[in-house]
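For reference, the structure discussed in these notes is given below.
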Amino acid sequence: MELAEAVRSVAAVPPSAIPVMDPGVSTAREAMSFRGRREPEDAAELETGRIVSRYVGRFTLESGTVLPDLVVAYRHDGVPIGEGRQILVVHALTGSADAAGDWWAPLVGPGQVLDTDKFGVLCVNLLGSRYGTTGPISRNPETGKPYGRHFPRVTVRDQARAQWRLLDALGLSKLALAVGGSLGGMVAQEVALERPGEISRVVSIAAPARIGQLAVGWNHIQLEMVDRLGLAGLDLARQLAMTTYRSEIDFELRFADHAETDGTPAVVSYLRHQGRKLLDRFDADTYRALVRAMDSHDIGRGRGGVVDALRRLAAYGTRLTGVGIEGDILYGTNQVCDLVEAATAAGMDAAYREIKSDKGHDAFLVEWAQLSAILGEALK
């Protein structure tokens, strides 16, 4: 199928035929309306084991724009807040707060490395996302309609500050660990820098101190597709993104010499499938908001550079583990090494670890044994 034909086939799907909920977040669907709002709860009434939303009030973005009614969705599992050490897990671009029940389930739970018999584990849906936290699908109080593409631009720092706003509402002031991969790793860095004395250890996986220019270029192409072609562009943007999330070795091993009965290369069928899957659970405006947030990432911005920024963490004894992934073409190991070297220069207790994998960037979602070893070391 030619590109133009593919675009027409996707564009022909009416928006009403595209489900707006994530089929992988069943607990979220049961627990809340994604566009809804709940009144504040007492911190002692923390719900566990399912995704819930919390109204946290007026929130001012870095730009000065005010969100009058910020709602944040989260899931907390394990040891209650105030009764033991707490861990913050931050999701990546199109993820949700359901780390324990979905995308990091092999790592979170009784007897797992993030052992919910020993720790409390909190995962928060990012500001600008669509799985319970205020974002483009939320109602704009000024118009009574969803924000859509008029949702104000947010940064990684805004996303980190929104996480702290929720933590404050829950009565959580100290974290034993903040961990995330890709965009989640960027946010974890900023969560630590927002309150340098409140986090013992940061584990930043496949995430640099500032976004690389090749990644900015890929993001630009994806957003051009979305802006010009709408849903068809979102489909194609996801297909392009998938080629950066995996590795050359992975694609060769999985797809070389394989084709569909009609002669379509297997890799093409795979990419088309991934594009359609995203359309089943995401929307163009949210994708745009989150990609633009990622483009803002630079921990040295306004802080005198990366090393000076990290001196803020060194002053409080915060430790850092930077985790690179072999074969990652999106945020390569050299970018993670640069983060660790800057942290060491700043006086931090910093270490570099590397995941050996043929899966590329997405290894942080599949290499469970290596991730367990790295996180276990960080929690000692």
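The values are calculated or read from the model by the stated rules, or taken from the named source; none is laboratory data. Fair warning: this is a prediction, and the values are worked out from it, not measured in the lab. As a convention, Cβ positions derive from the backbone with ideal geometry for all residues, glycine included, and neighbour counts pool all protein chains shown.
If you go through the stretch 143-153 one residue at a time, do you hit one that is outside any helix (DSSP H, G or I), free of Cβ contacts under 8 Å to residues at least 60 places away in the same chain, out of contact with any strand residue (DSSP E or B) (no Cβ under 8 Å at 6 or more places or on another chain) and closer than 19 Å to VAL89 by Cβ? No; the residues of the stretch 143-153 include none that is outside any helix (DSSP H, G or I), free of Cβ contacts under 8 Å to residues at least 60 places away in the same chain, out of contact with any strand residue (DSSP E or B) (no Cβ under 8 Å at 6 or more places or on another chain) and closer than 19 Å to VAL89 by Cβ. Determine whether the stretch 96-117 contains at least one residue that is out of contact with any Asp or Glu (no Cβ under 7 Å at 6 or more places or on another chain), part of a strand (DSSP E or B) and surrounded by fewer than 24 Cβ atoms within 10 Å (Cβ to Cβ). Checked against the condition, which is being out of contact with any Asp or Glu (no Cβ under 7 Å at 6 or more places or on another chain), part of a strand (DSSP E or B) and surrounded by fewer than 24 Cβ atoms within 10 Å (Cβ to Cβ), the stretch 96-117 yields no hits at all. Among the candidates TYR331, TYR352, TYR316, single out the residue that is closer than 22 Å to GLU248 by Cα, of a type in the set (Ser, Thr, Tyr) and either crowded, with 20+ Cβ neighbours inside 10 Å or in the same structural domain as GLY181 (by TED's automatic domain parsing) (or both). That would be TYR331, the only listed residue that is closer than 22 Å to GLU248 by Cα, of a type in the set (Ser, Thr, Tyr) and either crowded, with 20+ Cβ neighbours inside 10 Å or in the same structural domain as GLY181 (by TED's automatic domain parsing) (or both). Check the stretch 222-230 and report whether any residue there is of a type outside the set (Asp, Glu), at positive phi and touching a residue at least 24 places away in the same chain (Cβ under 8 Å). Yes - at least one qualifying residue is present in the stretch 222-230. If you check GLY111, GLY132, GLY120 for being in contact with a strand residue (DSSP E or B) (Cβ under 7 Å, 6 or more places away or on another chain) and closer than 30 Å to ALA369 by Cα, only one passes: GLY120. Residues of the stretch 144-180 that are hydroxyl-bearing (Ser, Thr, Tyr) and within 16 Å of the chain's Cα centre (by Cα): THR155 alone. Screening SER357 on (1) hydroxyl-bearing (Ser, Thr, Tyr); (2) under 20 Å from GLY300 (Cβ atoms); (3) buried (at least 17 other Cβ atoms within 10 Å of the Cβ) shows it passes everything except condition (2).
No other residue among VAL90, VAL66, VAL56 is closer than 22 Å to ALA289 by Cα, hydrophobic (A, V, I, L, M, F, W, C) and buried (at least 24 other Cβ atoms within 10 Å of the Cβ) apart from VAL90. Output the qualifying pairs, or none if there are none: Cβ atoms under 6 angstrom, residues six or more apart or on different chains, first residue in the stretch 118-142 and closer than 12 Å to VAL89 by Cβ and of a type in the set (S, T, N, Q), second residue part of a loop (DSSP other than H, G, I, E, B) and at pLDDT 95 or above. Close Cβ pairs (under 6 Å, with a partner that is part of a loop (DSSP other than H, G, I, E, B) and at pLDDT 95 or above) amount to ASN125/SER96; ASN125/ALA97; ASN125/TYR131; ASN125/GLY132; ASN125/THR133.
Within the stretch 71-100, being within 22 Å of TYR55 (Cβ to Cβ) and either among the basic types (Lys, Arg) or not assigned by TED's automatic domain parsing to the domain that holds GLY181 (or both) holds for one residue alone: ARG75. The residue list PHE255, PHE251, PHE282 contains one member that is among the hydrophobic types (A, V, I, L, M, F, W, C) and within 17 Å of the chain's Cα centre (by Cα), which is PHE282. In this entry, ARG281 is excluded by the filter for residues that are touching a residue at least 60 places away in the same chain (Cβ under 8 Å), of a type outside the set (Val, Ile, Thr) and in the same structural domain as ALA350 (by TED's automatic domain parsing). For the stretch 101-117, filtering for residues that are of a type in the set (Val, Ile, Thr) and touching a residue at least 60 places away in the same chain (Cβ under 8 Å) leaves 1. Among the criteria (1) in contact with a Gly (Cβ under 7 Å, 6 or more places away or on another chain); (2) free of Cβ contacts under 8 Å to residues at least 24 places away in the same chain; (3) not hydroxyl-bearing (Ser, Thr, Tyr), the one ALA369 does not fulfil is (1). How about the stretch 293-317: which of its residues are part of a loop (DSSP other than H, G, I, E, B) and out of contact with any helix residue (DSSP H, G or I) (no Cβ under 6 Å at 6 or more places or on another chain)? Correct list: ARG301, GLY302, GLY304, GLY305, ALA315, GLY317.
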